[in-house]
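First the structure, in the form of structure tokens, and then the observations on it.
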Amino acid sequence: MMMSESLQGRPLRKLAFLLLPEFSHLGLAAAIEPLFIGNWLTQERVFDWTLVSVDGKPVRASNGMPISVDGDLAAAAGAKTVFVLASFEPAHAVRDRSVPRWLKRLARFGVELCGIENGSLVLAEAGLLRGHTVAVHWDNMIGFQEHYRHARAVSQLYCRSGALVTCAGASAILDMMVAWMGWHGQGELAAEVAEHLLLGRPRGPEVEQRAADGAAPAADGVLAQAQALMREHIDEPLSCGEIAERVGLSLRHLERRFRNTLQCSVLDRYRLIRMTKAHQLLQQTELAVTEVALACGFLSPEYFCRLYRAMFGCSPSTDRRQSTTAPVLRQRPAPAAAHAATRGRTRL
């Protein structure tokens with residue numbers, strides 16, 4: 001991290017990074033490295049940054065590494081931009097009300113605020129994203145929409161709305177940081193930094209993220225259409241025959257297309273899409289298990305619980321935290337688990 005004084009005694013842009021427990025270590029590196037490269041290329045302290053935590057103590061990243069910081073929230077004094085980094089355990093990130101209060105105060109004084117991954121959830125909890133378009137990682141979209149309906153969540157890489165910036169995280173952070181340099185008068189330097197990062201042509205904010213349920217290859221429009229129908233009819237599922245009819249194929253032909261391309265049946269894919277939503281609702285919201293089951297088209301909570309246990313090895317009631325140790329839903333169907341859960345059954 002850089003000293004507070006530039007070679008000319010006045011840094012162009014002073015920044016602070018608020019690290020919240022279980023933040024992404026990759027996210028921090030992706031945000032800082034472009035700044036370091038910019039300073040290295042110019043041989044000046046064009047960007048000056050500070051790492052802070054709520055209490056000034058080291059913060060554990062999601063990969064288990066403890067990261068030392070420069071101080072508590074007060075150490076961010078004078079920063080023109082504050083980046084909020086949060087990833088796993090987002091509920092813990094908003095539990096301490098001192099953070100939303102602090103962010104509100106910064107916003108009143110015109111500080112630019114940027115939420116990275118679930119850092120955007122913290123900005124929303126502070127009431128700062130009302131009416132704004134927010135870039136949310138696809139895996140957190142369900143929970144964000146359920147909690148913060150006053151904001152418009154989108155699956156873009158990043159968004160800028162006035163003095164508020166949101167980023168979905170991961171590799172999108174590099175694109176966002178290069179764009180951020182350009183927003184603050186360093187367009188030429190940003191292009192040079194992108195070259196050193198091997199970014200080629202950085203992606204724009206409007207670029208869409210990958211579909212959350214492992215959608216069909218773009219070349220197969222029929223499978224994409226079929227899965228779009230599945231996503232549109234989660235709470236009241238269509239029959240596989242109805243899906244085939246709507247895409248203009250016989251069910252037998254559609255089954256063949258699914259098995260040849262996605263290595264699963266139409267029913268398996270539909271269940272995966274619905275269980276994806278159920279998994280996210282359970283981990284990211286406070287909805288009751290019965291409510292989650294109905295929201296995902298399972299009229300029988302008992303059947304839903306059996307299916308869930310077969311897929312994840314635990315009951316829905318014990319899978320209520322978005323943590324590194326919680327069950328993970330892979331985006332490719334797991335044939336063994338799916339068949340074990342549904343052997344002898346044909347219902348959705």
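The values are calculated or read from the model by the stated rules, or taken from the named source; none is laboratory data. No experiment lies behind these values; they were computed from the predicted model shown. All Cβ positions, glycine included, derive from the backbone under ideal geometry; neighbour counts span all protein chains shown. Ligands, DNA and RNA are excluded from the accessible area calculation, which covers all protein heavy atoms including side chains. Shrake-Rupley method; radii C 1.70, N 1.55, O 1.52, S 1.80 Å.
Miscellaneous remarks
- Note on the chain: with neighbouring protein chains present and a 1.4 Å probe, carbon and sulfur make up 52 percent of its accessible heavy-atom surface.
- Amide H contacts of V165 (H built 1.01 Å from N, under 5 Å, at least 5 apart or other chain): L113, C114, G115
- In sequence order, calculated HN-Hα J values of the range 198-205 (Karplus, 6.51, -1.76, 1.60; Hz; x Gly/Pro): 6, 7, x, 9, x, 6, x, x
- 3J(HN,Hα) along the range 162-169: x, 8, 10, 10, 10, 9, 5, x Hz, from the Karplus curve 6.51 cos²θ - 1.76 cosθ + 1.60 with θ = phi - 60°, whole Hz, x for Gly and Pro.
- Considering only GluC sites (Glu not before Pro) in DSSP loops that have at most 14 other Cβ atoms within 10 Å, the longest stretch of the chain without any of them is 45-205.
- Between K80 and R306, the FRET efficiency from the beta-carbon distance, with R0 = 41 Å, is close to 0.15.
- Counted charge near P34, where neighbours are those whose Cβ lies closer than 11 Å (Asp, Glu -1; Lys, Arg +1): -3
- Computed 3J(HN,Hα) for the range 71-76, one whole-Hz value per residue from the Karplus formula 6.51 cos²θ - 1.76 cosθ + 1.60 where θ = phi - 60°, is x, 8, 4, 5, 5, 8, glycine and proline marked x.
- Projecting the Cα atoms of N260, A224, L287 onto the charge dipole of the range 176-313, computed from C-beta unit charges around the Cα centre, puts N260 farthest toward the positive end.
- Beta bridges per DSSP with both ends in the chain, % antiparallel, nearest 5: 20 percent
- Local electrostatic count at D72 - Lys and Arg +1, Asp and Glu -1, tallied over other residues with Cβ under 13 Å: -2
- Of all lysines in the structure, the ones whose alpha carbon falls short of 28 Å from that of K104, not counting any fewer than 8 places away in one chain, are K14, K57, K80.
- Under the combined filter of DSSP loop state and at most 12 neighbouring Cβ atoms within 10 Å, the range 55-156 retains these trypsin sites (Lys or Arg not before Pro): R97, R130, R149.
- Shape descriptor for the chain: Rg over Rh equals 1.03 (Cα atoms; Rh from the Kirkwood inverse mean 1/r).
- Solvent exposure of the range 54-122 as accessible area per residue, Å², 1.4 Å probe: 46 Å²
- Options A79, I37, A135, ranked by Cα towards positive dipole end of the chain, top entry (Cβ charges): A135
- Simple label model, 7 Å out from Cα along Cβ direction - L299 to Q43, nm: 7.6 nm
- When peptides 313-319, 225-231 are ranked by their average number of other Cβ atoms within 10 Å per residue, the highest-first order is 225-231, 313-319.
- Multiplying the residue separation of R210 and D70 by 0.36 nm and subtracting their alpha-carbon distance yields 46.8 nm.
- Taken about its Cα centre, the chain carries a charge dipole of roughly 780 debye when the Cβ of each Lys and Arg holds +1 and the Cβ of each Asp and Glu holds -1.
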